[in-house]
Amino acid sequence: MPVVLAEVLTTIDRLWPLEGAEPWDAPGLVTGDPEAAIERVLFAVDAVGSTVDEAVGLRADLLIAHHPLLLRGVTSIAEDRYKGALLARLIRAGCALVAAHTNADVVDQGTSAVLAARLGLVDVRPIVPGADPALGLGRVGRLTEPTTLGRLARILAEVLPPTATGVRAAGGFDDPVEVVALCGGAGDSLLGDPLVRGADVYITADLRHHPASEAREQALVGGGPALIDVSHWASEWLWLDAAAAELRAAHPELDVRVSELRTDPWDFQVVQ
């Protein structure tokens, strides 16, 4: 029997409960008929033109994007605006759109947890735990063998998909590293957390000049982590395979695929 979207939504809420989302977030069903039959699902970090084209080309019935297309309020979805054009294309193709954002960050197979596992961290726990102390934003753990900041940056460059901006580090190349804090996506809001300040290095994305500078200056005075800045898209792309595996286990009758398209917004970098 075909699976209807409502059943898949129930599974999605079990895997990535909406109640775990941040108050400002907008996860859940964006467009689609809950009674529509679902056979093929595509996972992507972003609902953008290329991934929508991919979903339509694959005849997917559901596109699950990590980032919400309608995170902030809009007053029009006219087709001369890109969000309206994307929604119209999905609707005409009969492809539903669901966002699993911060509700997919906090779970035990969420974005940060997957990155921590790929780095081989042990004794892992959330930086910002929720009501369940095993769940929450970010992760902090320990490498099984100490390394250096430079070597860890190189490992990240191998683990993450390539992007124009690559991997940037603040700290000495040979500085010792054992305790690692990380947050998939934009995580500069956690720079002042005691678990982050107590780590040897903090890995996240979208580090802005002033928060990064202030964190490094504070480290000179009162201690603090080295910093590694990676692509936002790349830091969360690793989660897609884990998420797809969980959905396949719950619905083996579905054809579940992961987009390998790079939706990082930067195309190239000129090194001086």
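The values are calculated or read from the model by the stated rules, or taken from the named source; none is laboratory data. Owing to the predicted nature of the structure, the values given are computational and were not obtained by experimental measurement. Reconstructed Cβ throughout: ideal geometry from the backbone, glycine too, with neighbour counts over all protein chains shown.
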So residue 264 ticks every box in (1) farther than 17 Å from residue 160 by Cβ; (2) outside any helix (DSSP H, G or I); (3) within 14 Å of the chain's Cα centre (by Cα) but one. Which box is left unticked? (1)
Kindly indicate which of 196, 221, 177, 258 is modelled with pLDDT under 95, at negative phi and among the β-branched types (Val, Ile, Thr). 221
Residues in the stretch 9-16: is at least one outside any helix (DSSP H, G or I), modelled with pLDDT of 95 or more and on the phi < 0 side of the Ramachandran plot? yes
Within the stretch 159-247, which strands (runs of 3 or more DSSP E) (wholly inside it) include 1 or more residues that are hydrophobic (A, V, I, L, M, F, W, C) and surrounded by fewer than 18 Cβ atoms within 10 Å (Cβ to Cβ)? 176-186
The stretch 68-81 - residue that is at pLDDT 95 or above and closer than 24 Å to residue 102 by Cβ and, of those, surrounded by the fewest Cβ atoms within 10 Å (Cβ to Cβ): 70
Members of the stretch 20-42 that are surrounded by 14 or more Cβ atoms within 10 Å (Cβ to Cβ), assigned to a loop (DSSP other than H, G, I, E, B) and within 18 Å of the chain's Cα centre (by Cα): 21, 25, 26, 27
Would you check which residues across the stretch 137-158 are crowded, with 18+ Cβ neighbours inside 10 Å and outside any strand (DSSP E or B) and list them? 138, 149, 152, 153, 156
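Every residue, every condition in (1) in the same structural domain as residue 25 (by TED's automatic domain parsing); (2) under 26 Å from residue 3 (Cβ atoms); (3) under 20 Å from the mean Cα position of the chain (by Cα); (4) among the aliphatic types (A, V, I, L, M), yes or no:
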residue: 44; (1), (2), (3), (4): yes, yes, yes, yes
residue: 49; (1), (2), (3), (4): yes, no, yes, no
residue: 72; (1), (2), (3), (4): yes, no, yes, no
residue: 82; (1), (2), (3), (4): yes, no, no, no
residue: 86; (1), (2), (3), (4): yes, yes, no, yes
residue: 94; (1), (2), (3), (4): yes, yes, no, no
residue: 133; (1), (2), (3), (4): no, no, no, no
Filter the stretch 77-109 down to residues that are within 24 Å of residue 237 (Cα to Cα) and part of a loop (DSSP other than H, G, I, E, B), then give me how many there are. 7
Which condition does residue 131 not pass, out of (1) touching a helix residue (DSSP H, G or I) at 6+ places or on another chain (Cβ under 9 Å); (2) under 25 Å from residue 23 (Cα atoms), if it passes all the others? (1)
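In the stretch 126-136, how many are part of a strand (DSSP E or B) and touching a residue at least 60 places away in the same chain (Cβ under 8 Å)?
Number of matching residues: 1.
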